[in-house]
Amino acid sequence: MRALILTIALLSPLAAFAAGTSDDSPPQPTETSTSCKNGQVWDKTTEACVDAQESRIDDDTRYEAARELAYAGRYDDALHVLAAMSDQTESRVLTYFGFAHRKAGRTELGMRYYQQALDADPDNLLARSYMGQGLVEAGDVKAARMQLAEIVARGGASSWPETSLRRAIKSGRTYNY
């Protein structure tokens, strides 16, 4: 029984990664990024693009749409979808606000969003990784290493956030997923 509890405790951080918050693969394109325009989201029920504010669209769908749009390089559309989220203070929402702004060239604003995400959830490893990658881009490798150490200390060793930040520090190249 003790071994089972230990196994569950050790795997808990990995379960969070599988949920999509720090997935180690880019989102697959869907109609949201291939057909929808102006921050719209594909609604499977109506089989049409709808405004992200549409009441039938839930926050998880909005989040995945924002993530997909951001990875497709459609940062302003991702921001439009994120603005429709019901809880603007949720750590994952703040993380993707940061990501979209940073990748769109608004690095300082992105870093402020990452900090807000970490204020809301200090264990948000993805926010720490993206913040660290922003620091690498800015040439502040020492501060990026501090984020890497925090990721490891918070149970993220060998996770995608740890791996991508470690690679960014080593190579100077950042990662999107």
Given the Cα-Cα distance of LYS37 and ALA83 and 0.36 nm per residue of separation, how much length would full extension add, in nm?
15.0 nm
Label-point separation in nm, VAL50 to ASP76, each point 7 Å along Cα→Cβ
2.5 nm
Add -39500 (n - 2.57) for each DSSP H run of 4 or more in the chain, then divide by its residues: what number comes out at 222 nm, to the nearest 500 deg cm²/dmol?
-18000 deg cm²/dmol
How high is the relative contact order of the range 58-177, in percent, counting Cα pairs under 8 Å that sit 6 or more residues apart?
17 percent
Mind checking which of THR46, PRO29, ILE151 is farthest towards the positive end of the chain's charge dipole, using Cβ charges of +1 (Lys, Arg) and -1 (Asp, Glu) about the Cα centre?
ILE151
Mind running the shape call on the chain? Use the C-alpha gyration tensor, a ≥ b ≥ c as the square roots of the eigenvalues: rounded below 1.5 for a/c, prolate if a/b tops b/c, oblate otherwise.
oblate
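Taken together, the values in this text are just the output of simple stated rules run on the coordinates, not laboratory data. This is a predicted model, so every value here is computed, not measured. Neighbour counts are summed over all protein chains in view; Cβ atoms, including those assigned to glycine, are modelled from backbone coordinates with ideal geometry.
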